[in-house]
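The values are calculated or read from the model by the stated rules, or taken from the named source; none is laboratory data. What you are looking at is a predicted structure, and each value in this text was computed from that prediction instead of being measured. Every residue, glycine as well, gets a Cβ built from its backbone with ideal geometry; the counts of neighbours run over all protein chains shown.
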Amino acid sequence: MSTFPRLFRSQRAWLIPVVLAFAAGCSRDAGQPADQFSASAGQVKPVVASAVTRYAAARFADQVSFGATPALVADIQVKGFERWIDEQYALPVSTIDTSPIVNYDSQIPELGQKAYHYANLQLFGSFLNAPDQLRRRVSWSLSQFVVAAINKIEPYGGLAYSNFLQQYAFANYGDLIRAVTINPSMGIYLDNLQNRPTTDECKWCAPNENYARELMQLFALGVVKLNLDGSTQRDAAGKPIETYSQKDVEELARALTGWRIERDHDRTDYRRYDGELVPDPWRAAHDRGAKTVLGRSFPAGVEARQELETIVSVLMAHQNIAPFVSLRMIQHLVASDPSPAYIARVATVFRNNGQGVAGDMKAVVKAVLLDQEARRGDQVGSGAVNAGKMREPLLWYTGVMRGLGCTRQLTWNDGNPMGSSQNPFDPASVFSFYMPTDRAPGSNLLAPEQRLLNASELSWRLGNSIAEGATRAGSSCDAEAFGRAYSASPAALADLVSERYFRGAMPAVLRQNLIELAPTTWGNTPTQKAVSLLQFALATPYYGVIR
């Protein structure tokens, strides 16, 4: 497109991929006073109550929702951070209606595609419209490291798993571990339903270690022992100390044997993904022998449900779980590369919510969001250079749509839903869309989301698809507001874009470029031209990184 070079001409940094632009400015700020990051301080100190500026409220909205809207920003500004969080905790749990796809034959491609489209539309609808935005954002975060994917559990299973995580987003993490272990979607996805001991009664049976391994590696502990601040523990030779051994995996798999779906269902009846798994009444299904997992002895003769309680106890007592979960929640909500002290402060809350309870996710989420490191950038220009996180593709897309006032997903010309390159609840593997330990190229900086910012994603952000979809007849978006601003003047449009997407603080160079581009940008109507310019603005690192 002829306008592309002109937009990026004035800043050479924009010619570099967003990934490198982020990595270049994300080294930890060595000049910060050490006392601001003291892990010994214990509980997180809430921000001192004060009037919340519109800029601070809009920044907070980026961290707690799927995109800032004028109404959300105003609500946060009136209530303040902590009250807004508490009111979100009190809201009813929003869930998705799975009944329209409870029965269909997935071997008929047309029906399978229809079910997938339904799931996609419903998930995006929840991201755009659910009043419990914080719960949605937290359950989405959990889904990216406690993974069960549609590519194996089918659209119904994906929606059922989304509803499950909604129920447990603000629960105790130990309760989540227990519940996810007997969740049908997870039982199918990671094969624990096939986990049976080899016995004289069932010589063809064999333990399946898949869920046992991922429960420790990806859902709770990680592969190396951690200090409270997330740093790796090492032996005298400097070698990382492993969290668990292959023997631990084998023993844990034995303890996890013996679960089944409560009742049989026809292949086209997807209610098998509902409810909970139950202990198999066949006695040979569960290994009742003595076991040792992570140094804890499991006595012989114990039933599957009792063994599960011991498993939860062992994992919740492990030194790793607090920093492990804390890092992931910080990364998904606030900062890709948090300081060790930030991790330690949140991990301290994970270990003890102030009332002697470990794993209280309400306390953990509040600790993540109200921490001094999370709130440091609430004044224009006050954030450290390392602050923030990249907008992963889904958050970028939903942010664009919520700012446009869209209430349902955009569609292509043929009526099919216009998705993101990051399909919700459908990563390629149990390792999710990216790993929390992924680093920016050529750097030691944690920047997990950069893995998804490839040429295809950047081309999508710079294309005209959203401008076409948001301005198409029947669109649910309020794109006309941008068209009216464009018709008034390029400066008026730049001001509206700044207000909706840049917290009222759009960089002057970007504002000037939008004004200069206005006469020649793509579009057949003022509204198309306006949204086309909007896409260019949002493809820059200024919006691509939540600081």
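Counting residues in segment 490-497 that are small (Gly, Ala, Ser), loosely packed, with under 15 Cβ neighbours inside 10 Å and within 20 Å of Arg391 (Cα to Cα) gives zero. Assess whether Gln535 counts as being polar (S, T, N, Q), buried (at least 18 other Cβ atoms within 10 Å of the Cβ) and not in a loop (DSSP other than H, G, I, E, B). So Gln535 passes the test. Residues in segment 369-417 that are modelled with pLDDT under 95, over 22 Å from Ala447 (Cβ atoms), among the hydrophobic types (A, V, I, L, M, F, W, C) and surrounded by 20 or more Cβ atoms within 10 Å (Cβ to Cβ): Leu410 alone.
Applying the set (1) at pLDDT 90 or above; (2) assigned by TED's automatic domain parsing to the domain that holds Ser476; (3) small (Gly, Ala, Ser) to Gly442 leaves exactly one unmet item: (1).
Within 29 Å of Pro393 (Cβ to Cβ), aliphatic (A, V, I, L, M), in a helix (DSSP H, G or I) and modelled with pLDDT of 95 or more, is that true of Ala21? For Ala21, the condition - within 29 Å of Pro393 (Cβ to Cβ), aliphatic (A, V, I, L, M), in a helix (DSSP H, G or I) and modelled with pLDDT of 95 or more - is not met. So, of the residues in segment 197-215 that are in contact (Cβ under 8 Å) with a residue 12 or more places away in the chain, out of contact with any Lys or Arg (no Cβ under 9 Å at 6 or more places or on another chain) and surrounded by fewer than 24 Cβ atoms within 10 Å (Cβ to Cβ), which turns out to be farthest from Ser162 (Cα to Cα)? Ranking the qualifying residues of segment 197-215, first place goes to Thr199. Just name the residue that is farthest from the chain's Cα centre (by Cα) out of those in segment 410-447 that are within 18 Å of Ser339 (Cβ to Cβ) and in a strand (DSSP E or B). In this case the residue turns out to be Arg439. Return a yes/no flag: does segment 174-182 have any residue that is surrounded by fewer than 23 Cβ atoms within 10 Å (Cβ to Cβ), part of a helix (DSSP H, G or I) and either at pLDDT below 95 or touching a Lys or Arg at 6+ places or on another chain (Cβ under 7 Å) (or both). Within segment 174-182, not a single residue is surrounded by fewer than 23 Cβ atoms within 10 Å (Cβ to Cβ), part of a helix (DSSP H, G or I) and either at pLDDT below 95 or touching a Lys or Arg at 6+ places or on another chain (Cβ under 7 Å) (or both). Of all residue pairs spaced 6 or more apart or on separate chains, those with beta-carbon atoms under 6 Å, a first member in segment 149-177 that is more than 29 Å from Val357 (Cβ to Cβ) and a second member that is in a helix (DSSP H, G or I) and hydroxyl-bearing (Ser, Thr, Tyr) are Lys152/Tyr189; Ile153/Ser185; Ile153/Tyr189; Pro155/Tyr116; Tyr156/Tyr270; Tyr156/Tyr273; Gly157/Ser185; Gly157/Tyr273. Against the test of being modelled with pLDDT under 95 and among the hydrophobic types (A, V, I, L, M, F, W, C), the options Val48, Val64, Val102 yield a single qualifying residue, Val48. Could you list all residues from segment 257-271 that are within 15 Å of Arg196 (Cβ to Cβ) and part of a loop (DSSP other than H, G, I, E, B)? Result: Thr257, Gly258.
Condition check ((1) part of a helix (DSSP H, G or I); (2) in contact with a Phe, Trp or Tyr (Cβ under 7 Å, 6 or more places away or on another chain); (3) crowded, with 20+ Cβ neighbours inside 10 Å) across all residues:
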site: Gln107; (1), (2), (3): no, no, no
site: Lys114; (1), (2), (3): yes, no, no
site: Tyr118; (1), (2), (3): yes, no, yes
site: Gly125; (1), (2), (3): yes, no, no
site: Pro155; (1), (2), (3): yes, yes, yes
site: Gln167; (1), (2), (3): yes, no, no
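Candidates in segment 87-105 are the residues that are among the aliphatic types (A, V, I, L, M) and surrounded by 11 or more Cβ atoms within 10 Å (Cβ to Cβ); of these, the one that is nearest to Arg408 (Cα to Cα) is Ile96.
Selection within segment 133-153: residues that are more than 15 Å from the chain's Cα centre (by Cα) and surrounded by fewer than 23 Cβ atoms within 10 Å (Cβ to Cβ). The member of this set that is modelled with the lowest pLDDT is Asn151. Within segment 59-83, being of a type outside the set (Val, Ile, Thr), in contact (Cβ under 8 Å) with a residue 60 or more places away in the chain and not in a loop (DSSP other than H, G, I, E, B) holds for Arg59, Phe60, Asp62, Gln63, Pro70, Leu72, Phe81, Glu82. Of all the numbered requirements in (1) more than 30 Å from Asn352 (Cβ to Cβ); (2) modelled with pLDDT of 95 or more; (3) not in a helix (DSSP H, G or I), Val93 misses one, and that requirement is (1). Here Gly469 fulfils each of the conditions (1) in contact with a helix residue (DSSP H, G or I) (Cβ under 7 Å, 6 or more places away or on another chain); (2) buried (at least 18 other Cβ atoms within 10 Å of the Cβ); (3) not in a loop (DSSP other than H, G, I, E, B) apart from (1). Only one of the numbered conditions (1) within 22 Å of Asp414 (Cβ to Cβ); (2) hydroxyl-bearing (Ser, Thr, Tyr); (3) in contact with an Asp or Glu (Cβ under 9 Å, 6 or more places away or on another chain) is violated by Ser475, and that is (3).
Among the numbered conditions (1) surrounded by fewer than 21 Cβ atoms within 10 Å (Cβ to Cβ); (2) assigned to a helix (DSSP H, G or I); (3) acidic (Asp, Glu), the only one that Glu251 does not meet is (1).
Among the strands (runs of 3 or more DSSP E) confined to segment 272-313, the ones with at least 1 residues that are within 30 Å of Ile101 (Cα to Cα) are located at 277-279.
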